[in-house]
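Student: Can you read through this structure? Questions will come right after.
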There are 2 protein chains.
Amino acid sequence: MVRYKAVIAYDGTHFNGFQKQPNGRTVQQEVEKTLQKMNNGEPVTIFGSGRTDAGVHALGQVIHFDYPQERPLERMRFALDTQTPEDIAVSSVEIAADDFHARYHVVEKTYHFKVQIEKPRSPFRRFYASYFPYPLDLNLIRQALPDLLGTHDFTSFCATGGAIEDKVRTIYQADLVVNEAGTELTFIFRGNGFLYKMIRILVGTLLKIGNGRIPADSIPEILAAKDRNLAGPTAHPEGLYLAEVKYK
Amino acid sequence: MVRYKAVIAYDGTHFNGFQKQPNGRTVQQEVEKTLQKMNNGEPVTIFGSGRTDAGVHALGQVIHFDYPQERPLERMRFALDTQTPEDIAVSSVEIAADDFHARYHVVEKTYHFKVQIEKPRSPFRRFYASYFPYPLDLNLIRQALPDLLGTHDFTSFCATGGAIEDKVRTIYQADLVVNEAGTELTFIFRGNGFLYKMIRILVGTLLKIGNGRIPADSIPEILAAKDRNLAGPTAHPEGLYLAEVKYK
């Protein structure tokens, strides 16, 4: 067996998330179906760096899987890329160490979150950016962003009901970029890991700050309270992109 | 009756083109359905600046229609924008002269054609750009573009079987723009009118020129021959956008 690491991109619109499940089409099922065909009908299991929810996109999701033969890498990549459906692209394939694990060995993840702010809503962005048509003072958001940097308990920014006990995470980067036309925001978050729906709750909170409905200096207070009710709403999944995953 | 002029954008992916027809969902049908609801169930007919084929998009299609009452324009625009399906946006509504005609009074149209050239094909562009993964010398294309400018008989760049006799059109602008990342080309064509599938055949021909399979200086010869067989293939509809329509 040879362990392969692959970087894949997908348009999450028509997937019921990354992870295999009884109902609905998922990224894992489609990639595994393709690998099974390539492997003469023998099943191959893939492991992702983490799940993504329905409607969430990936520019650089990382997976690993074991495959019986060592094959030329570009041929492997091309076969996977062209035989998976059109909403999945395979950007690179390499051979990994036998003990490499796409989920357990993650040291850093980057997410992007796109928010369309023009009126009327562009029909071309409806699956690829969240929409916020209300007044926004970007300076208020820029004032709040640095308070997210560093190591914090992010309980207030985590959807309730998850099984993970330790809610301490470190954020290295929290930036806001506006496109040239002024029609779309991109939030960039880079950290050692993110809790369930954390990015979407962060963005929901930051948009409320920009809209003047949560004070710009309240992030430290919200973090300290460890109370999901103090943060803003969960932003819609279509704006979220898993952009990059880094390993040791 | 008041005559209104409106500018609309649409994502052509899930439409069987602009024009009403017995089979499939069309832009005209969806807009007319909305206007009929707004007009207490009385039907309203819209007239577009021209048809667009299945899969073709619009950034600035222009329509006109007659409506019994004069209503506040922003309210009219907002009602139309929010009540039409999400893949149609209504950018502006204004009152037009009683004899204004969205089709017959056109003096200039601008089309964009987008071609994705990166590998692998981005899953996010599959409905919004044509794909050309073969070698391309953009300088060859740039050499050929000026030969399209001016007034010519474009029979060689027109799909056969159309009813229009006069195939003389004037092109004012024929440009090629590359995005910053170098992953996507945009062709821009502005002229007094375009024949059926003309932009797609022009792009198919220009890509063959860039690929070295048609000489860069052969446009005058292809025009002079008035023979569709000398031009390149018809590029796919998903790259085409009706960008702007101008009137006297």
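The values are calculated or read from the model by the stated rules, or taken from the named source; none is laboratory data. Because the structure is predicted, anything quoted here is derived from the model rather than measured. All Cβ positions, even for glycine, are placed from backbone atoms using ideal geometry, and neighbour counts span all protein chains on display. Accessible surface is based on the protein model in full, side chains and every heavy atom, while ligands, DNA and RNA are left aside. Shrake-Rupley method; radii C 1.70, N 1.55, O 1.52, S 1.80 Å.
Student: Answer yes or no as to whether A:Asp175 is outside any loop (DSSP other than H, G, I, E, B) and of a type in the set (Asp, Glu).
Tutor: It is true that A:Asp175 is outside any loop (DSSP other than H, G, I, E, B) and of a type in the set (Asp, Glu).
Student: Applying the selection to the range A:102-116, what residues are away from chain B (no Cβ under 14 Å) and open to solvent by 10 Å² or more (accessible area, probe 1.4 Å)?
Tutor: A:Arg103, A:Tyr104, A:His105, A:Val106, A:Val107, A:Glu108, A:Lys109, A:Thr110, A:Tyr111
Student: If A:Glu32 satisfies every condition in (1) acidic (Asp, Glu); (2) closer than 30 Å to A:Thr234 by Cβ; (3) open to solvent by 30 Å² or more (accessible area, probe 1.4 Å) but one, which is the exception?
Tutor: (3)
Student: Moving on. Just one of the numbered conditions (1) under 30 Å from B:Ile8 (Cα atoms); (2) out of contact with any helix residue (DSSP H, G or I) (no Cβ under 7 Å at 6 or more places or on another chain) is not true of A:Met76; which one?
Tutor: Tallying (1) under 30 Å from B:Ile8 (Cα atoms); (2) out of contact with any helix residue (DSSP H, G or I) (no Cβ under 7 Å at 6 or more places or on another chain), A:Met76 fails exactly one: (1).
Student: Still on this structure, I have one more. Can you tell me how many residues in the range B:27-47 are away from chain A (no Cβ under 14 Å) and under 14 Å from the mean Cα position of the chain (by Cα)?
Tutor: The number of residues fulfilling the criteria is 0.
Student: Any idea which residue in the range B:146-194 is surrounded by the most Cβ atoms within 10 Å (Cβ to Cβ), counting only those that are of a type in the set (D, E, K, R) and more than 22 Å from B:Arg228 (Cα to Cα)?
Tutor: B:Glu184
Student: Further question on the same structure: What are the residue pairs meeting all of these: first residue in the range B:223-248, first residue without any contact (Cβ under 8 Å) to a residue 60 or more places away in the chain, second residue among the aliphatic types (A, V, I, L, M), Cβ atoms under 8 Å, and 6 or more apart or on different chains?
Tutor: B:Gly232/B:Ile201; B:Gly232/B:Leu206; B:Gly232/B:Leu207; B:Gly232/B:Ile209; B:Gly232/B:Ile214; B:Pro233/B:Ile201
Student: Here are some conditions: (1) more than 12 Å from the chain's Cα centre (by Cα); (2) open to solvent by less than 10 Å² (accessible area, probe 1.4 Å); (3) within 14 Å of chain B (Cβ to nearest Cβ). A:His14 meets all but one. Which one does it not meet?
Tutor: Evaluating A:His14 over (1) more than 12 Å from the chain's Cα centre (by Cα); (2) open to solvent by less than 10 Å² (accessible area, probe 1.4 Å); (3) within 14 Å of chain B (Cβ to nearest Cβ) leaves (2) as the failure.
Student: Suppose the filter is among the acidic types (Asp, Glu) and free of Cβ contacts under 8 Å to residues at least 24 places away in the same chain; does B:Glu86 pass it? Walk me through how you get there before you give the answer.
Tutor: Working: among the acidic types (Asp, Glu): yes; free of Cβ contacts under 8 Å to residues at least 24 places away in the same chain: yes.
The answer is yes for B:Glu86.
Student: Further question on the same structure: Please state which of the following conditions A:Phe194 fails to meet, knowing it meets all the rest: (1) touching a residue at least 12 places away in the same chain (Cβ under 8 Å); (2) in contact with a strand residue (DSSP E or B) (Cβ under 9 Å, 6 or more places away or on another chain); (3) not in a loop (DSSP other than H, G, I, E, B).
Tutor: The one condition A:Phe194 does not meet is (3).
Student: Just checking, which of B:Gly60, B:Gly50, B:Gly55, B:Gly24 is part of a loop (DSSP other than H, G, I, E, B) and within 14 Å of chain A (Cβ to nearest Cβ)? It would help to see each step written out before you state the result.
Tutor: On the way: B:Gly60 fails: part of a loop (DSSP other than H, G, I, E, B); B:Gly50 fails: within 14 Å of chain A (Cβ to nearest Cβ); B:Gly24 fails: within 14 Å of chain A (Cβ to nearest Cβ).
Answer to the check: B:Gly55.
Student: Could you grab me the full set of residues in the range A:63-87 that are among the aromatic types (Phe, Trp, Tyr) and within 14 Å of chain B (Cβ to nearest Cβ)?
Tutor: A:Phe78 - this is the single residue of the range A:63-87 that is among the aromatic types (Phe, Trp, Tyr) and within 14 Å of chain B (Cβ to nearest Cβ).
Student: So, one more: Any idea which of B:Asp99, B:Asp87, B:Asp66 is under 23 Å from the mean Cα position of the chain (by Cα) and charged (D, E, K, R)?
Tutor: B:Asp87
Student: Return the only residue of A:Glu70, A:Glu74, A:Glu42, A:Glu86 being modelled with pLDDT under 95 and either surrounded by 19 or more Cβ atoms within 10 Å (Cβ to Cβ) or assigned by TED's automatic domain parsing to the domain that holds A:Gln19 (or both).
Tutor: Of A:Glu70, A:Glu74, A:Glu42, A:Glu86, the one residue that is modelled with pLDDT under 95 and either surrounded by 19 or more Cβ atoms within 10 Å (Cβ to Cβ) or assigned by TED's automatic domain parsing to the domain that holds A:Gln19 (or both) is A:Glu70.
Student: I would also like to ask the following. Kindly list, by first and then second residue, each pair from a residue in the range A:62-74 that is closer than 20 Å to A:Glu30 by Cα to a residue that is hydroxyl-bearing (Ser, Thr, Tyr), limited to pairs with Cβ atoms under 6 Å and residues at least 6 apart or on different chains.
Tutor: Pairs found: A:Val62/A:Ser49; A:Phe65/A:Tyr4; A:Tyr67/A:Tyr4.
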